[in-house]
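Inspection log for the structure reproduced underneath, given as structure tokens.
The values are calculated or read from the model by the stated rules, or taken from the named source; none is laboratory data. All figures in this text were calculated on a predicted structure; none of them were measured in a lab. All Cβ positions, glycine included, derive from the backbone under ideal geometry; neighbour counts span all protein chains shown.
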Amino acid sequence: MLEKALVGTKRYYGLLAILAGLFALGFLFYLKQLNFGLGITGLSRDVSWGFYVAQFTYLVGVAASAVMVVLPYYLHNYKAFGRVTILGEFLAVAAVTMCITFITVDLGRPDRILNVLKYPTPGSVLFWDMIVLNGYLLLNIVIGWNVLECERHSVAPPKWIKVLSYVSIPWAVSIHTVTAFLYAGLPGRGYWLTAIMAPRFLSSAFAAGPSLLILLCLLVRKYSKFDPGKEQIQTLAKIVTYATLINVFFFMCEVFTVFYSQLPDHMAHFQYLFVGLDGKTQLVPFMWFALVGMTIAGLFLVNPKLRKNETTLAALCGLVIITTYIDKGLGLISGGFVPNPLEQVTEYWPTVPEAIITLGVWAMGFLILTVLYKIAVSIKEEVKS
Amino acid sequence: MGIDRREFIRIAGLSTLLGLGGTGAFELLAPGRVEAEIIPALGSLKAKRWVMVINQKELDDNTAQQCAAACHRVHNVPDFLNPPDAKLKLNPAVAHRYQVKWLWTEHFHNAFPGDAPAHMAEKVEHMNFLVLCNHCQNPPCVRVCPTKATFQRDDGIVMMDMHRCIGCRFCMAGCPYGSRSFNWRDPRPYVKENYPGYPTREIGVVEKCTFCAERLAQGLQPACVETSRGAIVFGDLEDEKSEVREYLRKYFTIRRKAHLGTNPQVYYIV
Ligand code: SF4
Ligand code: SF4
């Protein structure tokens, strides 16, 4: 099937070239980082994780959200999603690849990454995260590829593929739960030390991932002869709607616990993010935009008129993607580190090289996504004609 | 150390026989058993559980700074704020980000956040508290490390294997005391005078106070204890007759964020 990736329109090649160029640029800066050290980022002794880890966290969510198309199809026999499961699975493949790359890029000593396998430490959540992420990547590649192959030859997928698809459902939940546990089990980091962390991660994932999938479906429809389907998009839209609202609800639950209990080391992080601390207010406008934007998007999506109109739906999905990204990509990680354990405020902002490396990894992910989608869509077109 | 010199040599020799010499020999051993550079000499100091008592009443500001300086000198800790060469001068914000600290001073409300009353003894309010890794008995940093590069020895010291660390910085997120530093860039140009008794570090690894494990192995007290003019005592918590036990019997002590269940092993007399 790989040959399908090699022939395409000028636009397809153009897109690949742009993405490859961005990837190369990011790679150059990564070489610089390897040489100089992570000091070329904005990270510090106080805020020791930043942009890279945030992208990783966000993308684990995107990857996990594939379950939102797989689950209805396999567990509830919701036939309509048969058309789009492949898009969800290939999105997961691209997203997990980016996750693993971001983690690697964040390491001080990437040359020693295999130490995690050489000295397996089951007590460390990072060890489990590595296992579930790699497992999930493998699952989605195998399932996606085989299902597509079968579709091409108009045969039913073998039984073992079905079994693997069932396995992938709890597995998807596990990747985001384990990722939340990276943060939620640390004493003395009040912003993260909450049982709602994993549920919040999942809800924001099931809002952001399907939103992205909707946008991708609309793009696929526009630029190919394959139509993922109106019904499919509408069902996804409902998932986005309720996941977004649940996400806002979970956030409010956390706000209640923190501010009614008045525990200072839990409140301080919220204060930093939403009103500023010690006169440091860098993230305040972003956080308000994220919170208000997310709430508005969720409420508007409840309105069937706005949801059924694909233009407003696309705009609202865009808003969900941006606001969940700010929440997880900017607020969650820095917010957990500010103030530091000695209640001092050191702010964090990514540097230009850091942003370019990040962009490079995203470009790599979208390159993989473009190629995989190209293959999938070509097969679908072939089967149709 | 849970291993004596002879046994160490035996194991090392065995691994060489197996063709696993070099660093490989160390990697075969479980962490906590042995570290590459520390082999206890005759007359090394040993304990069941090392603890430190800092008598802040006896510690004047000057001595506190000297303790920190002594520690940083014998461990080749780089100084980014005041580089040895004017050419290396960094923008203060950047220098602040790169900082490496093993032992430094903080005010009460930073060292013991949440514990400071609105009106407190003036002396204590302005007191410079020496802070360092607490060598927690239940250390979150060890719990989270994915490679056992941070590990706990039998004598309670929380050690770093800087040859194994992958630089994921999970331990920095895990430590609730901000005791850990990362080498964001090559630290060597910023080390004032190269102290031969301790290795310098490469980029990309985490480091922190080790209770001077390398000095204990040579029968020496930790550098800060030696510099403290008696304000810091160091010894075995399990030994009833030790000086630290005597202090703990005699004085009321506090520990940093003990409510987190980490069981810190640095005690403060205020
Ligand atoms: S103070 Fe921090 S670095 Fe030291 S043992 Fe405790 S948790 Fe680990
Ligand atoms: S940075 Fe090094 S010591 Fe810290 S958790 Fe990672 S591997 Fe362990």
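Selection of first residues in region A:102-113 that are within 16 Å of A:LYS32 (Cβ to Cβ) and more than 7 Å from chain B (Cβ to nearest Cβ) and of second residues that are β-branched (Val, Ile, Thr) and buried (at least 21 other Cβ atoms within 10 Å of the Cβ), restricted to Cβ pairs under 8 Å at least 6 apart or on distinct chains, gives the following pairs, ordered by first then second residue: A:VAL105/A:ILE357; A:VAL105/A:VAL361; A:ASP106/A:VAL53; A:PRO110/B:ILE166.
From the list B:PHE234, B:PHE182, the lone residue that is within 14 Å of ligand 1 (Cβ to nearest atom) and crowded, with 21+ Cβ neighbours inside 10 Å is B:PHE182.
Going by the conditions given, is A:PHE56 within 20 Å of the chain's Cα centre (by Cα) and of a type in the set (Phe, Trp, Tyr)?
Yes.
Taken together, A:ILE86, A:ILE161, A:ILE141 contain a single residue that is buried (at least 23 other Cβ atoms within 10 Å of the Cβ) and more than 18 Å from A:THR57 (Cα to Cα), which is A:ILE86. Cβ separations smaller than 7 Å between residues 6+ apart or across chains give the following pairs from region B:137-151 residues that are under 13 Å from A:THR121 (Cβ atoms) to residues that are within 7 Å of ligand 1 (Cβ to nearest atom) and part of a loop (DSSP other than H, G, I, E, B): B:CYS141/B:CYS175; B:CYS141/B:ARG180. Looking across region B:237-270, the residues that are surrounded by 21 or more Cβ atoms within 10 Å (Cβ to Cβ), within 14 Å of another protein chain (Cβ to nearest Cβ) and under 16 Å from B:TRP50 (Cα atoms) come down to B:THR262, B:PRO264. Residues in region A:195-219 that are part of a helix (DSSP H, G or I) and β-branched (Val, Ile, Thr): 1 in all. It is to be established whether one or more residues within region B:86-100 are at pLDDT 95 or above, within 15 Å of ligand 1 (Cβ to nearest atom), within 23 Å of B:LEU260 (Cα to Cα) and of a type in the set (A, V, I, L, M). Within region B:86-100, none of the residues are at pLDDT 95 or above, within 15 Å of ligand 1 (Cβ to nearest atom), within 23 Å of B:LEU260 (Cα to Cα) and of a type in the set (A, V, I, L, M).
Let's see how each residue does on (1) touching a strand residue (DSSP E or B) at 6+ places or on another chain (Cβ under 7 Å); (2) within 27 Å of A:PHE127 (Cβ to Cβ):
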position	(1), (2)
B:ARG169	yes, yes
B:MET172	yes, yes
B:TYR198	no, no
B:VAL233	yes, no
B:GLU238	no, no
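A Cβ distance below 6 Å, combined with a sequence gap of six or more or placement on separate chains, defines the contacts here; from region B:174-186, residues that are farther than 28 Å from A:LYS32 by Cα and at pLDDT 95 or above reach residues that are outside any loop (DSSP other than H, G, I, E, B) and within 12 Å of ligand 2 (Cβ to nearest atom) in the pairs B:GLY174/B:PRO140; B:GLY174/B:CYS141; B:GLY174/B:VAL144; B:CYS175/B:CYS141. Of the residues making up region A:248-270, one or more are of a type in the set (A, V, I, L, M), closer than 15 Å to A:ALA205 by Cα and in contact (Cβ under 8 Å) with a residue 24 or more places away in the chain.
Of the strands (runs of 3 or more DSSP E) lying entirely inside region B:69-171, the ones with 1 or more residues being within 16 Å of ligand 2 (Cβ to nearest atom) and surrounded by 15 or more Cβ atoms within 10 Å (Cβ to Cβ) are found at B:150-152, B:158-160. Among the residues of region B:154-179, those that are within 13 Å of ligand 1 (Cβ to nearest atom) and among the aliphatic types (A, V, I, L, M) comprise B:ILE157, B:VAL158, B:MET159, B:MET160, B:MET172, B:ALA173. Whether a residue is touching a Leu at 6+ places or on another chain (Cβ under 6 Å) and under 23 Å from A:GLN55 (Cα atoms) was assessed, and A:GLY318 does not pass this test.
Looking across B:PRO187, B:PRO222, B:PRO176, one residue alone is closer than 30 Å to B:TYR251 by Cα, crowded, with 19+ Cβ neighbours inside 10 Å, within 14 Å of chain A (Cβ to nearest Cβ) and more than 9 Å from ligand 2 (Cβ to nearest atom). It is B:PRO176.
Quickly run through region A:70-106 and pick out the residues that are in contact with a Pro (Cβ under 8 Å, 6 or more places away or on another chain) and of a type in the set (A, V, I, L, M, F, W, C). Result: A:PHE81, A:VAL84, A:LEU87. Among the residues of region A:349-385, the ones that are closer than 30 Å to B:GLN99 by Cβ and in contact with a Leu (Cβ under 7 Å, 6 or more places away or on another chain) come to 3 in all.
Matching residues to (1) more than 10 Å from every other protein chain (Cβ to nearest Cβ); (2) aliphatic (A, V, I, L, M):
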| residue | (1), (2) |
| --- | --- |
| A:LEU38 | no, yes |
| A:PHE51 | yes, no |
| A:TYR73 | yes, no |
| A:ALA95 | yes, yes |
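B:GLU193 passes every criterion in (1) away from ligand 2 (no atom under 16 Å from the Cβ); (2) within 14 Å of chain A (Cβ to nearest Cβ); (3) farther than 28 Å from B:LEU248 by Cβ apart from (2).
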